[in-house]
Amino acid sequence: MKPAPVGLVLEGGAMRGLFTAGIIDVMMESNTYPDALIGVSAGAAFGCNMKSRQPGRAIRYNKRFARDARYSGWRSLLRSGDYFNAEFAYHVVPREYDVFDDEAFNANPMRFCAVCTDVLTGQPVYRWLDRVEGTTYDWIRASASMPLVSRVVHIDGYSLLDGGISDSIPLEYMEEQEGIGRNVVVLTQPQGYRKEHNRLMPLMRLGLHRYPRLLEALDCRHEMYNRQLDYVAEAERQGRCLVIRPDGPIPIGHTCHDPQQMQRVYDMGRRKGEEYIEKIKDFYSI
């Protein structure tokens, strides 16, 4: 009998995602892979390196381009509308500077999904990316396109922004829609964290007034996120998921440009990955 599929759920968190990158690098180095990975925002942007089997890539290019104005910064935002420059970060870097292994991505049978938010409906869009094709990198970009500091990404008839707006921790989706009953869930907030109402909603309403359904989703995102935390906690209690989270708040800002701080956060993730790797192997082999 074929074993039941196992999954990996990666929430976002901007540069907190380097904690996640450390964990998945340890998993790759231990040859421990799920059957399916779903990533949200930074979880998708860094998690795609697991399907291409490239440990170390996420921390490497983030440190290399941390202070490069071509990659990110207020100058990029003012000139292009994107804090993380869409062309340079999502096309030039993976094609020329730190090459993304398209062939390995295509050959790896592990399924990979990026979660985005449809700005017209405020609902999540789940895009399974099994092969690198014309819009693959842009789907990953859309998943990580934070509101106010990113342009809306138009792909395949959709208008998209950050997946964390509508489905921050897509464990329920993996269980109910994909039928994957055992998942490792990597969170980037510590035990006991609860999200509060977004204090930037006045700016959101000003900058995103053309998208009323998106604003509704943003306005109640804290409620959605906290419900998902409760869902994860119950799944963990029942043994359906293994949750990995930092021991305390991750000390890094959303738009950090300090390579040393990036390394510290990544190393936090590696230590947590090393602590959990045997538990992950055991959980996947049940």
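Quick one: the Cα spread of the range 77-146 along its three principal axes, in angstroms, biggest first?
36, 31, 15
Report Rg (one decimal) and Dmax (nearest whole number) for the range 129-183, counting Cα atoms only, units Å.
Radius of gyration, then largest Cα-Cα span, for the range 129-183: 13.1, 36 Å.
With charges only on Cβ, +1 for K and R and -1 for D and E, what is the dipole size of the chain about its Cα centre, in debye, rounded to 20? Present the calculation step by step, with values, prior to reporting the outcome.
Values: 36 positive and 37 negative charges, 143 e Å.
Charge dipole, the chain, about its Cα centre: 680 debye, nearest 20.
If you project the alpha carbons of the range 26-149 onto their three principal axes, what span does each projection cover, largest first, in Å?
Ordered largest first, the range 26-149 gives principal extents of 42, 37, 25 Å.
Under a straight-distance cross-link criterion of Cα-Cα below 27 Å, which lysines are reachable from residue 63, leaving out those fewer than 8 residues away in the same chain?
51, 272
Kirkwood Rh over Cα pairs of the range 1-57 into Stokes-Einstein at 10 °C, 1.306 mPa s: D in µm²/s?
On the way: Rh = 11.4 Å.
D = 139 µm²/s.
Could you give me the ³J(HN,Hα) list for the range 185-190, computed from phi with Karplus coefficients 6.51, -1.76, 1.60 and θ = phi - 60°, whole Hz, x at Gly and Pro?
Ordered by residue, 3J(HN,Hα) equals 10, 9, 9, 10, 10, x Hz.
Please say if the range 212-274 is rounded, prolate or oblate, where rounded means a/c under 1.5 for a ≥ b ≥ c the square roots of the C-alpha gyration tensor eigenvalues, and otherwise the choice is prolate for a/b larger than b/c and oblate otherwise? Intermediate values should be presented prior to the final figure.
Details: a/c = 3.66, a/b = 1.20, b/c = 3.05.
Cα axes put the range 212-274 in the oblate bin.
Antiparallel as a % of all DSSP beta bridges within the chain, to the nearest 5?
40
With the other protein chains left in place, how much accessible area per residue, in square angstrom, belongs to the range 211-286 at a 1.4 angstrom probe? Mind showing how you got there, number by number?
Details: 4050 Å² over 76 residues.
About 53 Å² of surface per residue is accessible.
Would you work out the Kirkwood radius for the range 93-229? I mean one over the mean of 1/r across all pairs of different Cα atoms, in Å. Provide the component values of the computation, followed by the final result.
Details: mean 1/r = 0.0612 Å⁻¹.
When all Cα pairs of the range 93-229 are included, the Kirkwood radius is 16.3 Å.
Once Lys and Arg get +1 and Asp and Glu get -1 on their Cβ, which of 203, 123, 152 lies farthest toward the positive end of the dipole of the chain?
Checked the options; the winner is 203.
Given the chain reduced to its alpha-carbon atoms as identical point scatterers, what log10 I(q)/I(0) does the Debye formula return at q = 0.12, 0.16 Å⁻¹?
Results for the chain at q = 0.12, 0.16 Å⁻¹ read -0.70, -1.35.
Compute the distance from the alpha-carbon center of the range 185-201 to that of the range 256-285, in whole Å.
That distance is 19 Å.
Taking only protein heavy atoms and a 1.4 Å probe, what accessible area per residue, in Å², does the range 62-208 have with all protein chains in place? Please report the intermediate quantities before stating the final value.
Details: 6910 Å² over 147 residues.
Normalised by residue count, the accessible surface of the range 62-208 is 47 Å².
Based solely on its DSSP helices, what 222 nm [θ] is calculated for the chain when runs of n ≥ 4 H residues each add -39,500 (n - 2.57) and the sum is averaged over all residues, nearest 500 deg cm²/dmol? Working shown, then result.
Numbers: 11 runs with 117 residues, N = 286.
-12500 deg cm²/dmol, from helical runs alone.
Let me know the shape class of the range 164-213, please: from the alpha-carbon gyration tensor, a ≥ b ≥ c as square roots of the eigenvalues, rounded when a/c is under 1.5, otherwise prolate if a/b is greater than b/c, or oblate. Intermediate results must be reported in sequence, preceding the final value.
Working: a/c = 4.47, a/b = 1.71, b/c = 2.61.
In terms of gyration-tensor shape, oblate.
The values are calculated or read from the model by the stated rules, or taken from the named source; none is laboratory data. Predicted, not measured: the structure shown is a model, and the values here were computed from it. Note: ideal-geometry Cβ built from the backbone for every residue, glycine included; neighbour counts use all protein chains shown. SASA here: full protein model, heavy atoms, side chains in, ligands and nucleic acids out. Shrake-Rupley method; radii C 1.70, N 1.55, O 1.52, S 1.80 Å.
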